[in-house]
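Shown next, in structure tokens, is the structure this report addresses.
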Amino acid sequence: MRFDWRAISGPALTTATALMAIVIDRYLVAVSYPAPLFVCIIAFAGWLSGLASSLISAAIAIAFAALFVFNHRAAAGYDIGDLVRLATLSVTAGATAAITGLLRQRMMDAFASERRHFATAARLSAALDQFDIGIVLLDSDTRAEFINRAFRDYFSLPDNKADSKPPFIALMYHGRDTGAFELPEEELSAFIAQRTEMIRSGDSTPINIKLAGGKVLRFSCTALPDGGRMLSFTPLTELVRHTDDPAKAEYYRSLRGGGNRGAAAQLRAAE
């Protein structure tokens, strides 16, 4: 048990209540059996500090109750009724201490586990933000639970919109409105409808998406066990590297789904 104000508050309050009851009963007015008040204090101690504090409070309460009953006896000793009252208080106080203490322990364990979970999620999010692969995690309703930095940069997605958990179709419309896709305007509606249906069905067939800035992204969808989706947008524009043979430029452009946009710069770099 930690010896801080939370740990000692229950036993201290139980002791103070017992002493006050003794003083009032002896010098002012007769006090009735304070067992219900002790049970409330024991429950408070268990909620505030845990099992050890509530058990100590219960022991103090039972000891005081035994003294209180003894002082109210005309003759020395205890009769059957007194023993029954003390036994009832002992069982109630012990059960209250155990239940509240263990419930608090479970609650604290749950909080600790949740903190570890959030810490792990934060580290994972930070790691995914370092990738040049765009990552989007969708829930079972196709709302974005996580969007990494690369995706936000590729599609010029503001942080406030990305963090608002938009549905996937809203992300597609954002790309349309900002002119992110290298597609004729009359083809955009069909393109968005096809991609949305692909996500909903969990189609994992990879496709290439051409962006207006000359980048090409390999898009793929992975169905998750909870009904969600993981979307990845892998950049292919760097497939023509400095060490590649310029004579095979057409081959590399075909791999990246390319066309001629940006090819001259890549070929000059290769030469």
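The values are calculated or read from the model by the stated rules, or taken from the named source; none is laboratory data. The structure presented is a predicted model; accordingly, all values stated were derived computationally and were not measured. Don't worry about glycine lacking a Cβ; one is built from the backbone with ideal geometry, like all the others, and counts go over all protein chains shown.
Structural remarks
- Here is the figure for the stretch 1-52: residues that are farther than 20 Å from THR96 by Cα and not in a helix (DSSP H, G or I) total 8.
- Residues (within 15 Å of ALA95 (Cβ to Cβ) and at pLDDT below 90) located in the stretch 48-60: LEU51
- Annotation note: Cβ proximity below 9 Å between a residue of the stretch 97-124 that is within 30 Å of ASN148 (Cβ to Cβ) and in the same structural domain as ALA52 (by TED's automatic domain parsing) and a residue that is small (Gly, Ala, Ser) and assigned to a helix (DSSP H, G or I) (sequence gap 6+ or interchain) occurs for no pair.
- When ARG176 is tested against (1) free of Cβ contacts under 8 Å to residues at least 24 places away in the same chain; (2) exposed (fewer than 13 other Cβ atoms within 10 Å of the Cβ), just one condition goes unmet, and that condition is (2).
- Residues of the stretch 202-231 that are touching a Cys at 6+ places or on another chain (Cβ under 8 Å) and either touching a residue at least 24 places away in the same chain (Cβ under 8 Å) or not in a loop (DSSP other than H, G, I, E, B) (or both): GLY202, ARG229, MET230, LEU231.
- Among residues of the stretch 109-167 being β-branched (Val, Ile, Thr) and part of a loop (DSSP other than H, G, I, E, B), the one that is surrounded by the most Cβ atoms within 10 Å (Cβ to Cβ) is THR142.
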